[in-house]
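The values are calculated or read from the model by the stated rules, or taken from the named source; none is laboratory data. Just so it is clear, the model here is predicted, and its values are computed rather than measured. All Cβ positions, even for glycine, are placed from backbone atoms using ideal geometry, and neighbour counts span all protein chains on display. Remember, those area values only see protein heavy atoms, side chains included, never the ligands or the DNA or RNA. Shrake-Rupley method; radii C 1.70, N 1.55, O 1.52, S 1.80 Å.
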Amino acid sequence: MDKSKKIVLTGDRPSGALHLGHYLGSLKSRLELQGTCEQLIMIADAQALTDNASNPEKVRQNVLEVACDYLAVGLDPKQNIFFIQSLVPELFELTLYYLNLVTWNRLKHNPTVKQEITQKNFGESVPAGFMTYPISQAADISAFKANCVPVGQDQMPMIEQTNEIVRKFNTTYNCNVLVKAEGMITKFSRLPGIDGDAKMSKSLGNCVYLGEEAASLKKKIRKIPGDPNHTEINAPGDPDNALSFTYLRAFCQDKQKLEELETHYRKGGLGDGTVKQYLLEVLEEFLSPIRKRRAEFASDPAQVMRILKEGSLRAREKAAATLSEVRAAMHLNY
Ligand code: TRP
């Protein structure tokens, strides 16, 4: 393998259509990386089942939703490998071998898993598959010898876990088969939900989706709270306290106009309605081409599935090559 080559592996659980938070948190970095390196983008359907085992139809439907979002924002199947996790069964064999290299105690203390167990109210009934998904994620990353994994801060423990496994594998089997991965924290900050909650998230019902229709976008923007201390138009307001400005800072290209608006808001005399009207224009301009492309892909699911299957074959070849090195290192090359 060319050591200088950057191999990027990223992915999403197909838990629903993607929204503006995903755009800022991950899709935008993927678009920037596209064409500069080898980028593999995985739809983690098997991981989605770790907390959703009884809902396979939903997971399957969401695989398509997520793929349509990727394609709609401009991620190109010619420049990236899109694949479905379960179509690369080599990942699960790797997972099984890695399971022996991690202690139960270590899994119990994974901060991401701990937090999710609380959020999902699993209590003592946490599925073993869920408990061990960090190991499966280590397989996802190491199967492709990915050295770069763009993630949000909350996924960093997964990279640490991966690198512990990489080190343990290479020392235990006295080889150099697996490659260390580096987490690349996205430089765009987390986007709050339209209700002001710190995180835009499907489960909180506070999202603007990439395929959001114009009419519902309008309704959603209208509801966005302004600075609570900005009680009348002429009072001074604080853009740092007004959600519309947070969104404008993320999506408005005309920085000069934005600065003027902020100054005006601070001084007083600029109503939240006017700011939101402008935000609506900005978001509509951003979303309308995405919405259009998304609808085109969504109307031809067979084509989308073909793209995913072709990518999965390519991914499978790469994973199989690593797996055969892994098996050889473990004296399993009968
Ligand atoms: N855990 C990621 C999520 O919640 C999805 C994922 C699975 C992933 N395997 C990965 C991300 C490997 C990066 C690398 O969306």
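Remarks
- For region 214-295, the dipole from Cβ point charges (+1 on Lys and Arg, -1 on Asp and Glu) about the Cα centre works out to 660 debye, to the nearest 20.
- Relative contact order (%) - criterion: Cα under 8 Å, at least six apart; region: region 37-102: 48 percent
- Solvent-accessible ranking of His331, His264, largest area first, probe 1.4 Å: His331, His264
- 1.4 Å probe accessible area per residue over region 214-295, in Å²: 56 Å²
- For region 1-140, the equivalent ellipsoid derived from the Cα gyration tensor has semi-axes of 26, 19, 14 Å, listed largest first.
- Solvent-accessible area of the chain (1.4 angstrom probe, protein heavy atoms only): carbon and sulfur portion equals 51 percent.
- Efficiency of FRET between His264 and Gln79 - r from beta-carbon atoms, R0 51 angstrom, step 0.05: 0.75
- Set the Cα radius of gyration of region 251-327 against 2.2 N^0.38 Å, with N its number of residues, and you get 2.03.
- The alpha carbons of region 169-259 give a radius of gyration and a Dmax of 20.6, 71 Å, in that order.
- Contact order normalised by residue count of region 214-295, Cα under 8 Å, 6+ apart, percent: 35 percent
- Length gained when the stretch His109-Glu281 is fully extended (0.36 nm per residue, less Cα-Cα span): 57.4 nm
- Calculated FRET value between Ala320 and Gln119, using beta carbons and R₀ = 41 Å, to 0.05: 0.70
- If you take the Cα centroid of region 207-234 and the Cα centroid of region 113-134, the two points sit 34 Å apart.
- Cα-only radius of gyration and Dmax that characterise region 192-232, units Å: 11.4, 34
- Applying 0.36 nm per residue to the separation of Gln253 and Lys223 and subtracting their alpha-carbon distance, the gain on full extension is 8.5 nm.
- Projected-area average for region 106-259 over all orientations - Cα convex hull basis, square nanometres: 13.4 nm²
- Helical mean residue ellipticity (222 nm; -39500 (n - 2.57) per DSSP H run of 4+; nearest 500) of the chain: -16000 deg cm²/dmol
- Around the Cα centre of the chain, unit charges on the Cβ atoms of Lys, Arg, Asp and Glu (plus for the first two, minus for the last two) sum to a dipole of about 500 debye.
- Applying D = kT/(6 pi eta Rh) to region 214-295, where Rh is the Kirkwood radius over alpha-carbon pairs, T corresponds to 25 °C and eta to 0.890 mPa s, the Stokes-Einstein value obtained is 188 µm²/s.
- Taking the alpha carbon gyration tensor of the chain, multiplying each eigenvalue by 5 and rooting it gives semi-axes of 40, 21, 19 Å, largest first.
- Calculated FRET efficiency for the pair Glu32/Lys292, C-beta based, R₀ 35 Å, to 0.05: 0.95
- Were the residues from Glu310 through Ser216 laid out at 0.36 nm apart, the gain over their Cα-Cα distance would be 30.3 nm.
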